[in-house]
């Protein structure tokens with residue numbers, strides 16, 4: 001029973017990280033229907049920029065954190081401006097392939113600058129985050145993931161519900177042409193959503209890096225694991241992303257614990273295929289109705 | 001001998017047979033025959049061994065790329081699992097020849113058929129899904145197949161890999177680049193011929209109808225599910241065939257090459273070459289292989305410069321960067337690929353000096 005509970009807690013904590021990583025992904029999909037294959041590289045970028053700012057430039061943790069988030073935001077903005085904007089209205093395959101190309105470019109760049117070795121981030125989380133009660137122990141990284149996850153969930157919830165920009169984003173996601181004709185600045189919405197997504201990705205990258213150390217290959221692999229998570233939650237639901245992440249995390253932990261560790265990495269994809277066959281629009285996604 | 005016809009300046013087609021003709025003028029037919037003759041008679045003998053190896057690889061990749069183009073370019077379904085299907089073909093051929101001593105002539109088509117079966121299974125989600133969701137389903141297929149290739153140790157011998165015995169065809173041993181060149185390019189020619197003609201049949205037209213508007217196609221009485229599965233089957237058949245040839249050519253088969261980046265390379269070939277163009281798939285295969293080889297050559301060259309080695313820079317990631325950049329630039333500036341570029345060049349010659 002202890003083993004079960006520990007697996008459950010581990011799974012939930014890792015799941016929160018997956019959910020957090022998936023949030024930025026859903027953000028982009030929600031406003032511009034772009035599947036971002038470069039998401040893992042954005043995660044890695046955030047972690048590496050943070051590492052450099054902290055250990056090379058020697059900024060204090062707080063400032064390094066803020067500077068990283070700003071840098072990620074600007075980068076997301078620039079990616080949208082230079083690469084995605086010319087493709088507005090082009091067929092899906094070009095957009096998907098562009099993000100695949102972008103992923104290769106970013107990965108090459110990251111490896112060129114920081115190399116492929118595993119690096120560790122400084123452990124800066126305060127001690128009160130280490131929760132221990134009897135047999136149950138939640139390490140500070142997991143606690144941070146849960147806190148950040150909940151924080152962003154609430155922030156995004158409020159943002160999409162009440163702020164003007166959030167409502168614009170929802171309108172663009174719902175019907176781009178109608179939004180345009182009503183005077184919504186669609187291009188600004190796209191730029192903003194890429195900026196925010198990159199920011200969230202950078203943030204998740206830092207937390208993922210705290211847990212396992214950062215290496216370009218590992219973090220880009222997490223970028224691919226986002227797919228089962230978002231499909232499970234529904235591609236356009238941010239809270240769905242978190243719940244999908246939790247389910248995938250727990251599933252991975254149990255497969256790794258009870259069945260075999262090697263099956264662990266492939267189980268999310270098996271679930272993905274089955275789910276796509278049974279319920280293509282995910283647990284919380286919008287059911288699209290098509291007309292000829 | 002009848003008079004050779006040149007391309008007229010304008011559209012003067014009078015019958016459906018004209019419209020469906022593969023070669024617009026007799027010059028096209030002559031040129032392709034001359035090209036084939038040059039390819040088969042000259043290339044293997046004048047090219048140095050390494051170049052011949054590269055040419056052979058281009059031939060193998062081109063077969064698989066044509067298959068992917070039938071699925072992506074003609075049927076409009078984006079697959080990120082083509083590299084895995086290629087791997088299934090390679091393993092099928094390797095297992096058949098190493099374990100069961102199946103002869104070359106039988107094992108290659110059989111590997112194609114087995115891969116077609118696997119492809120059809122992974123194509124089943126296309127019954128309900130399309131667009132993004134189908135792409136993600138094929139991505140899952142890629143990972144599942146990769147897992148099975150590594151962990152089904154009874155058949156695939158896991159990470160250890162399989163060594164394929166040297167193939168013989170009609171009693172002639174097929175070792176060496178030159179002999180294999182003939183095998184690969186005979187198969188490639190056959191497969192091009194099949195693909196070009198497939199597109200002109202009712203099946204090909206149904207694929208194109210599904211790509212252009214699947215609901216309208218269904219309304220016109222095309223059973224889209226079975227046609228989509230068929231498209232998956234044909235596409236994987238090509239991938240399996242190419243994989244089988246690859247296995248015999250490479251001698252030893254391990255699961256590493258068949259990862260997601262191979263699938264991405266195939267998609268890149270199809271996009272850079274030109275979606276919905278058989279010739280484009282070949283241009284794409286040539287382009288990507290040439291790009292890979294020249295980047296490898298360039299990074300090797302740069303490794304030799306003392307100051308770069310001393311500065312501790314690792315040049316290998318530069319290849320990945322340049323590969324991504326090539327894809328991005330093509331999509332931004334010529335999304336219809338090399339086939340379209342070639343068409344523009346050709347027609348500017350044809351219409352000169354009155355380019356309108």
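Quick look at the numbers
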{"item": "Chain A: relative contact order in percent, alpha carbon pairs under 8 Å with at least 6 residues between", "result": "38 percent"}
{"item": "Neighbour-count order for A:42, A:251, fewest beta carbons within 10 angstrom listed first", "result": "A:251, A:42"}
{"item": "Separation of the residue A:57 and residue A:4 label points, Cα + 7 Å toward Cβ, nm", "result": "5.0 nm"}
{"item": "Chain B, relative contact order [Cα under 8 Å, separation at least 6], %", "result": "28 percent"}
{"item": "Residue B:106 paired with residue A:163, simple spin-label distance in nm, labels 7 Å along Cα-to-beta-carbon", "result": "6.8 nm"}
{"item": "Helix-only mean residue ellipticity at 222 nm for chain B, each DSSP H run of n ≥ 4 adding -39500 (n - 2.57), per residue, nearest 500", "result": "-23500 deg cm²/dmol"}
{"item": "Sites residue A:185 and residue B:334, calculated FRET efficiency, Cβ-Cβ separation with R0 30 Å, nearest 0.05", "result": "0.50"}
{"item": "At R0 = 30 Å, FRET efficiency that the Cβ-Cβ distance of residue A:155 and residue A:265 yields, to 0.05", "result": "0.45"}
{"item": "Residue mean of other protein chain beta carbons inside 10 Å, B:130-139", "result": "6"}
{"item": "Under 20 Å from the residue A:82 label point (7 Å along Cα→beta-carbon), backbone N, the stretch A:16-60", "result": "A:36-50"}
{"item": "Estimated FRET transfer efficiency (residue B:121, residue B:20; beta-carbon r; R0 30 Å; 0.05)", "result": "0.35"}
{"item": "Relative packing of A:10-17, B:88-95, which averages over residues the other C-beta atoms within 10 Å, highest first", "result": "B:88-95, A:10-17"}
{"item": "Sequence ranges A:21-28, B:203-210, A:113-120, ranked by mean other-Cβ count within 10 angstrom, highest first", "result": "A:21-28, B:203-210, A:113-120"}
{"item": "Gained length - residue B:325 relative to residue B:29, 0.36 nm times residue gap less alpha-carbon distance", "result": "103.0 nm"}
{"item": "Residue mean of other protein chain beta carbons inside 10 Å, A:111-122", "result": "2"}
{"item": "Within 10 Å of each Cβ in A:266-278, the average number of Cβ atoms from other chains", "result": "5"}
{"item": "Helix-derived mean residue ellipticity, 222 nm - over chain A, DSSP H n ≥ 4, -39500 (n - 2.57), to 500", "result": "-24000 deg cm²/dmol"}
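Only the coordinates and a few stated rules stand behind these numbers; no lab work does. Just so it is clear, the model here is predicted, and its values are computed rather than measured. All Cβ positions, even for glycine, are placed from backbone atoms using ideal geometry, and neighbour counts span all protein chains on display.
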